[in-house]
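**Student:** Here it is, the structure, as structure tokens.
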Amino acid sequence: MLVILEGADGSGKTSLATRIRKDLDEYVLFLRSNGPPHRVGQLANVISLLANIPQVIPVVCDRNPIISESVYGPILRGKCMHVLTIEQMARWFKPMMIIHCRPNYEALAAGVRREPQLEGVVDNHRHIVKAYDDLMGQLENEGVYIKRYDYTGPPQLILDAVKSFILRGKQ
């Protein structure tokens, strides 16, 4: 039962993770990325960790390195550290729930300026948002369970969807 929170910087992922933590009546493991992987080995270690977490423990990830690297790597560094195709990614993500944190662009633009960002994020923010929109659309077309979340609206629908997903996984 893995729930992944993804989206561009300033899209409300960490705030949603905090809200999920407060609202769930379950023991949930929360994982948060501390920045981009600096080498392929780091990416492989995180993937291995996520693949080996017992299925009885609900896990909420504030970003997944496969998804974020697919977006940020090509835009900020000119290359992606992995060579997974959309089909391969979709096979891996199908049993999971991905929440695409995606408010309107005005809210995103304001959100990205609230905290310090990696070099190039602010200047390339529109490209990053579009790359996320494209990737989430491709994964959804491959059958991955993706819910969109807009932090400018009420969070109850997404919180109910997370609770339902976790409860289904426990049955």
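**Student:** State the percentage of accessible surface on the stretch 70-171 attributable to carbon and sulfur atoms; use a 1.4 Å probe and exclude ligands, DNA and RNA.
**Tutor:** Answer for the stretch 70-171: carbon and sulfur cover 51 percent of the accessible area.
**Student:** On to the next question. Quantify how much of the Cα-Cα distance distribution of the stretch 6-97 extends past 18 Å, in percent.
**Tutor:** 50
**Student:** Using amide H atoms built 1.01 Å from N in the peptide plane, name the residues 5+ places from Val60, or on other chains, whose amide H lies under 5 Å from its own.
**Tutor:** Placed amide hydrogens put Val3, Leu29, Phe30, Leu31 under 5 Å from Val60.
**Student:** At each listed q (0.16, 0.17 Å⁻¹), what is the log10 of I(q)/I(0) that the Debye formula gives for the stretch 73-144 modelled as equal alpha-carbon point scatterers?
**Tutor:** Log10 I(q)/I(0), no solvent term: -0.69, -0.77.
**Student:** Under a 5 Å amide H to amide H cut-off, with H placed in plane at 1.01 Å, what residues pair with Gly7 once short-range neighbours are removed?
**Tutor:** Cys101
**Student:** Express in nm, to one decimal, how much length is gained between Asp134 and Leu157 on full extension, taking 0.36 nm for each residue of separation and deducting their alpha carbon distance.
**Tutor:** Here the segment from Asp134 to Leu157 would lengthen by 5.9 nm.
**Student:** May I ask you to derive the FRET efficiency for Asn104 and Lys147 from their Cβ-Cβ distance with R0 = 22 Å, giving the value to the nearest 0.05?
**Tutor:** Calculated value: 0.85.
**Student:** P(r) for the stretch 114-157: what percent of alpha-carbon pairs falls in each 10 Å bin, starting at zero?
**Tutor:** 22, 35, 38, 5
**Student:** Continuing with the same structure: Give the relative contact order (percent, whole number) for the stretch 21-128; include only Cα pairs under 8 Å separated by 6+ residues.
**Tutor:** 25
**Student:** Okay, next question. Express the Stokes-Einstein translational diffusion coefficient of the chain in µm² s⁻¹, to the nearest whole number, given a Kirkwood radius over alpha-carbon pairs, 10 °C and a viscosity of 1.306 mPa s.
**Tutor:** Reported coefficient: 97 µm²/s.
**Student:** Test of the criteria: in the stretch 78-152, which trypsin sites (Lys or Arg not before Pro) are in a DSSP loop and have at most 16 other Cβ atoms within 10 angstrom of their Cβ?
**Tutor:** Filter output for the stretch 78-152: Lys79, Arg113, Arg114.
**Student:** Quick check for you: which residues of the stretch 137-171 have the amide N under 15 Å from the point 7 Å beyond the Cα of Gln55 toward its beta carbon?
**Tutor:** Hits in the stretch 137-171 for Gln55 at 15 Å: 166-171.
The values are calculated or read from the model by the stated rules, or taken from the named source; none is laboratory data. Predicted, not measured: the structure shown is a model, and the values here were computed from it. Reconstructed Cβ throughout: ideal geometry from the backbone, glycine too, with neighbour counts over all protein chains shown. Accessible surface areas use protein heavy atoms only, side chains included; no ligands, DNA or RNA. Shrake-Rupley method; radii C 1.70, N 1.55, O 1.52, S 1.80 Å.
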